[in-house]
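Visitor: Take this structure, written in structure tokens, and hold onto it; I'll ask about it next.
The values are calculated or read from the model by the stated rules, or taken from the named source; none is laboratory data. Everything numeric in this text was worked out from a predicted model, so none of it was measured. All Cβ positions, glycine included, derive from the backbone under ideal geometry; neighbour counts span all protein chains shown.
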């Protein structure tokens, strides 16, 4: 069983064009279709990751902006004449 | 354990527990993310079918899409987005002064939708229907879905405009509607590129 698994793995590494995961997308299709499948797979994979990245970046910026504002308000309150009294 | 956490949370200063953004804005961002994947699926399917089409794309015997007229319409939609950005800036300084740019943004958006409707009528008369070919099916599905979103976003902007006239509009409401409209504006050039060109 282990020998069979090794043989399959070796085949997958040495003849990748013949070992395609999707039986519908690739065999018998031309290069343009294969290229479209590949590019759209990459697009659909990266898009949600990109969106989450943008959301995370925006949240980090928002947290920093709120912290900066809090510090400014606190400093203003400490420096105001009423605070000295 | 949970009681201890609650105790610590109660002792925290109020600023540490303040929300990062209004709920409406966060909700709209999540909705827009879902809609982006919705359109990405359409674009993906369209690209794959187009690449495997026999006899070229559009299929033989099917009418060509009006590229030039739609480019002009695209410019109107982009201008609408710019006017809404301008309205946001004006609203931050003086809410009353945002009326005109918001009205112009809505008018440009309505023009875009009306122009698309006229384009559809012309294409239907030329023989491009949902059942005439995969070209027609994809065209009406993708452009129609975008038009439906444009109408919904226009209604959101109209709601904001009415509240602005009543002096009841607050920034989170405007921002939520803005995010929706910016999505409609931003996704259109991509659709134009993939479907029309």
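Visitor: Go through B:75, B:71 for me and flag whichever is away from chain A (no Cβ under 11 Å) and touching a residue at least 40 places away in the same chain (Cβ under 8 Å).
Guide: Of B:75, B:71, the one residue that is away from chain A (no Cβ under 11 Å) and touching a residue at least 40 places away in the same chain (Cβ under 8 Å) is B:71.
Visitor: For residues in the stretch A:64-84 being surrounded by fewer than 11 Cβ atoms within 10 Å (Cβ to Cβ) and under 33 Å from the mean Cα position of the chain (by Cα), which is nearest to residue B:30 (Cα to Cα)?
Guide: A:64
Visitor: Here's a follow-up. Report yes if some residue within the stretch B:32-45 is away from chain A (no Cβ under 14 Å), in contact with a helix residue (DSSP H, G or I) (Cβ under 8 Å, 6 or more places away or on another chain) and without any contact (Cβ under 8 Å) to a residue 12 or more places away in the chain; otherwise report no.
Guide: The answer is no, given that none of the residues of the stretch B:32-45 is away from chain A (no Cβ under 14 Å), in contact with a helix residue (DSSP H, G or I) (Cβ under 8 Å, 6 or more places away or on another chain) and without any contact (Cβ under 8 Å) to a residue 12 or more places away in the chain.
Visitor: Can you tell me which residues in the stretch B:61-87 are crowded, with 18+ Cβ neighbours inside 10 Å and part of a helix (DSSP H, G or I)?
Guide: B:70, B:73, B:74, B:77, B:80, B:81, B:83, B:84, B:87
Visitor: If you check residue B:100 against the conditions, is it out of contact with any helix residue (DSSP H, G or I) (no Cβ under 6 Å at 6 or more places or on another chain) and outside any helix (DSSP H, G or I)?
Guide: Considered against the rule, which asks whether it is out of contact with any helix residue (DSSP H, G or I) (no Cβ under 6 Å at 6 or more places or on another chain) and outside any helix (DSSP H, G or I), residue B:100 comes out as no.
Visitor: Quick check: is even one residue across the stretch A:9-24 farther than 26 Å from residue B:37 by Cα and modelled with pLDDT of 85 or more?
Guide: yes
Visitor: Does the stretch B:46-56 contain any residue that is more than 26 Å from residue B:115 (Cα to Cα), modelled with pLDDT under 90 and more than 11 Å from every other protein chain (Cβ to nearest Cβ)?
Guide: yes
Visitor: Output the number of the condition that residue B:156 fails; it satisfies all remaining conditions of (1) surrounded by 16 or more Cβ atoms within 10 Å (Cβ to Cβ); (2) touching a residue at least 40 places away in the same chain (Cβ under 8 Å); (3) touching a helix residue (DSSP H, G or I) at 6+ places or on another chain (Cβ under 7 Å); (4) part of a helix (DSSP H, G or I).
Guide: (2)
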